[in-house]
Amino acid sequence: MRLGIDLDGVVANFNAGWIAFYNDEFGTSIPIDAVDSWDAIPGLTHFSSMPAFWRWAEHLDGASLFRHLDTFPGAVETLWGLAKRGHEIVILTTKPYWAIHDTFAWISERKLPTREVHILDDKWRIDCDVYLDDAPHNVYRIHRQRPDRVVVRFARPWNHPVPGTLEVEDWEQFEDLVLGLEAGHTSPG
């Protein structure tokens, strides 16, 4: 199967990354679990808007924020396990133009098992059998545009269930879900 995998909030721990940089630079102590809604950043920081945040995130320690993110536990190992079973790992991510090269470098440095990377807003345009995303608007749009596909929400404090989609709370659950689909034991929606 073609597995459409989001990066930030799914493979890459975006919130831990920006919070660590922000706390270090501004002497604050925002806790890692402070993000509980999609657009929480302006309310947690001195930035008045997301564009102001993105201007700051563009230049951190010689590269953009996206070059410095850690992976979530089990993410890379699970993707490799699924790839070794013959599944195609298709990266579907949204990034500002200035983060494109850092994103490719990040994927390479973490040795993600993919031959296909798409940096775009409308992830549903890329044909996959299973989509995994954490952004509430992406989960909704993918499901609306591709109702015959399996859309999986990576459950996070900043998102909510979308009727007709599945959810996982960790990488082990995602692997089990894909293996169930592979064996014909998991219903697609």
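Bear in mind that the values in this text are calculations on the coordinates, not laboratory data. Here the structure is a predicted model, which means the values were calculated and not measured.
For residue 151, the residues 5 or more places off, or on other chains, whose built amide H falls under 5 Å of its own are 131, 166. Only Cα sites of the chain enter the Debye sum here, all with the same form factor; the resulting log10 I(q)/I(0) across q = 0.09, 0.10, 0.13 1/Å is -0.32, -0.40, -0.67, listed in q order. The C-alpha atoms of the chain define a longest principal axis, and helix 14-26 lies at about 10 degrees to it. log10 I(q)/I(0), Debye, Cα-only the range 1-113, no solvent, q = 0.16, 0.20, 0.24 Å⁻¹? The computed values of log10 I(q)/I(0) come out as -0.78, -1.12, -1.44. With the alpha-carbon atoms of the range 15-67 aligned to their principal axes, the span from lowest to highest coordinate is 28, 21, 18 Å, starting with the largest.
Bridges between two residues of the chain, per DSSP, are antiparallel at a rate of about 10%. For the range 107-161 versus the range 1-73, the spacing of their alpha-carbon centroids is 19 Å. Extension gain, residue 182-residue 28: 0.36 nm per intervening residue step, less the Cα-Cα distance, totals 50.8 nm.
Take every Cα pair under 8 Å whose residues are at least 6 apart in sequence, average their separation, divide by the length of the chain, and the relative contact order is 25 percent.
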